[in-house]
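The values are calculated or read from the model by the stated rules, or taken from the named source; none is laboratory data. Worth saying up front: this structure is predicted, and the values here are computed from it rather than measured. Every residue, glycine among them, receives a Cβ derived from its backbone with ideal geometry; neighbour counts consider all protein chains shown.
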Amino acid sequence: MPGGLLLARLAKRLAKPAYGPGDVLKLRSGGRPMTAIWSGPVLFAPGNWLICQWFSDAGDLQQEMFAEETLQRADRAAP
């Protein structure tokens with residue numbers, strides 16, 4: 001692997017997360033507001049990942065892991 005490519009991958013893996021625990025986020029594709037409870041790198045993929053929690057329409061607590069680039073800050077005025 002060329003040195004430049006290795007350094008680029010390493011820099012992406014060590015980049016400071018854009019979001020952190022407590023941030024209210026939503027998927028860029030839409031969806032419910034979610035609260036981030038963990039943010040950081042993972043071994044299986046480059047970049048930063050977040051574990052988020054939200055409540056379903058039925059009131060059930062949901063949790064999933066998302067790549068940082070798939071998320072954006074939620075509008076806090078939204079229901």
- Message: I need the full set of residues from the stretch 70-79 which are at pLDDT below 95 and either closer than 12 Å to residue 26 by Cα or surrounded by 10 or more Cβ atoms within 10 Å (Cβ to Cβ) (or both), in order please.
- Response: 75, 76, 78
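Let's see how each residue does on (1) modelled with pLDDT of 95 or more; (2) over 14 Å from residue 74 (Cα atoms); (3) of a type in the set (A, V, I, L, M):
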| position | (1), (2), (3) |
| --- | --- |
| 26 | yes, no, no |
| 31 | no, no, no |
| 47 | no, yes, no |
| 50 | yes, yes, yes |
| 53 | yes, no, no |
| 60 | yes, yes, no |
- Message: One residue is enough: does the stretch 4-20 have a residue meeting the conditions at pLDDT 90 or above, out of contact with any strand residue (DSSP E or B) (no Cβ under 7 Å at 6 or more places or on another chain) and in a helix (DSSP H, G or I)?
- Response: no
- Item | Options 60, 23; residue that is of a type in the set (D, E, K, R) and surrounded by fewer than 13 Cβ atoms within 10 Å (Cβ to Cβ) | 60
- Query: Do we find that residue 43 is out of contact with any Lys or Arg (no Cβ under 9 Å at 6 or more places or on another chain) and over 17 Å from residue 24 (Cβ atoms) in this structure?
  - Reply: yes
- Note on the structure: Taking the stretch 38-55 and keeping only residues that are free of Cβ contacts under 8 Å to residues at least 24 places away in the same chain and assigned to a strand (DSSP E or B), one is left with 38, 40, 49, 51, 53, 54, 55
- Message: Being outside any helix (DSSP H, G or I), surrounded by fewer than 16 Cβ atoms within 10 Å (Cβ to Cβ) and touching a strand residue (DSSP E or B) at 6+ places or on another chain (Cβ under 8 Å): is that true of residue 34 here?
- Response: no
